[in-house]
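To start, the structure under review is shown below, and the notes come after it.
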Amino acid sequence: MVQGKFIVVEGIEGAGKSSAISVIENFLQQRDVAFEKTREPGGTVIAEKLRALVKEPSDEQVTPECELLLMYASRSQLLHNKIKPALDSGKYVIGDRHDLSSRAYQGGGREFNDDTINTIADITLKGFKPDLTLYLDIEPELGLARAQARGELDRIEQEKIDFFHRVRNKYLSLATLDDSIFIVDASQTMEQVHRDIQNILGEQLSG
Ligand code: TMP
């Protein structure tokens with residue numbers, strides 16, 4: 001059985017992850033490629049419980065360390081119980097966020113150093129990484145305004161704008177170091193963003 005591929009969509013709030021995921025779904029459906037979708041944090045029964053703990057505003061402060069570990073706890077459940085079995089059965093997996101989010105939000109936003117995150121990532125992922133990541137890049141001011149227009153902000157979305165600038169800078173610097181990560185300019189029209197995504201998929205997934 002040929003292994004499936006893991007395609008991940010990344011970006012700050014309001015970057016347009018959901019519509020990018022729809023473009024990937026259509027691309028795969030048109031080619032009769034079977035796939036599953038996941039989201040992080042979350043995606044299994046236990047991981048969804050962890051997602052609620054991380055996302056819901058609460059009277060008790062979530063420490064940065066707790067947040068970091070919950071992200072990886074959730075990722076471990078998802079990787080072992082859903083992503084790997086799907087890939088092993090030949091299916092593709094479309095991920096709404098993965099490890100790069102922790103590196104951008106906890107590494108960039110919360111300023112955990114790379115060594116700390118590498119240690120936890122090594123324990124959790126054991127070298128596993130996506131085949132292709134699409135990072136939707138957008139100015140935090142624009143992205144957050146879009147997210148705000150959609151409804152109430154979750155605990156992390158309520159962070160100050162500086163936090164999102166650090167997250168974006170980390171995304172950009174990590175994307176330039178890894179040739180499996182493609183930067184898509186998410187401030188363009190939706191049609192142009194979709195065309196860019198289709199072009200990347202066409203180039204990277206053919207053959
Ligand atoms: P979303 O799935 O609606 O984008 O919400 C997930 C939130 O969790 C979002 O604010 C980004 C944040 N997050 C992290 O801080 N670190 C992570 O590793 C992941 C997967 C998400």
Per-residue HN-Hα couplings for region 139-145, Karplus 6.51 cos²θ - 1.76 cosθ + 1.60 at θ = phi - 60°, whole Hz, x for Gly and Pro?
4, x, 4, 5, x, 5, 4
Near K129, which aspartates and glutamates are there with a Cα under 16 Å away, not counting those fewer than 8 places off in the same chain?
E10, E40, D88, D96, D99, D178, D179
Share of accessible surface on carbon and sulfur in the chain, whole %, 1.4 Å probe and ligands ignored, is 50
Would you compute, from DSSP H runs of 4+ residues alone, the mean residue ellipticity of the chain at 222 nm, taking -39500 (n - 2.57) per run and dividing by the full residue count, rounded to the nearest 500?
-15500 deg cm²/dmol
Using the basic label-point model (7 angstrom from Cα toward the beta carbon), what is the Q198 to R150 distance in nanometres?
2.3
For the ranges 69-75, 162-168, what's the packing order if you count other beta-carbon atoms within 10 Å of each residue, average per peptide, and put the highest first?
69-75, 162-168
How far apart, in nanometres, would the label points at N169 and N113 be if each is projected 7 angstrom from Cα along the Cα-to-Cβ direction?
1.8
Rolling a 1.4 angstrom probe over the protein heavy atoms, how many square angstrom per residue are accessible across the chain?
50
With a Förster distance of 30 angstrom and the Cβ-Cβ distance between Q3 and A52, calculated FRET efficiency to the nearest 0.05 equals 0.40
Per-residue ³J(HN,Hα) for region 103-119, Karplus 6.51 cos²θ - 1.76 cosθ + 1.60, θ = phi - 60°, Hz, x for Gly and Pro:
5, 7, 7, 7, x, x, x, 8, 6, 6, 7, 4, 4, 4, 5, 4, 4
Would the chain count as rounded, prolate or oblate if I go by the C-alpha gyration tensor, calling it rounded below 1.5 in a/c and otherwise prolate when a/b exceeds b/c, oblate otherwise?
oblate
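The values are calculated or read from the model by the stated rules, or taken from the named source; none is laboratory data. Bear in mind the structure is a predicted one, so any value in this text is a computation, not a measurement. Don't worry about glycine lacking a Cβ; one is built from the backbone with ideal geometry, like all the others, and counts go over all protein chains shown. Keep in mind that these areas ignore ligands, DNA and RNA; they rest on the heavy atoms of the full protein, side chains included. Shrake-Rupley method; radii C 1.70, N 1.55, O 1.52, S 1.80 Å.
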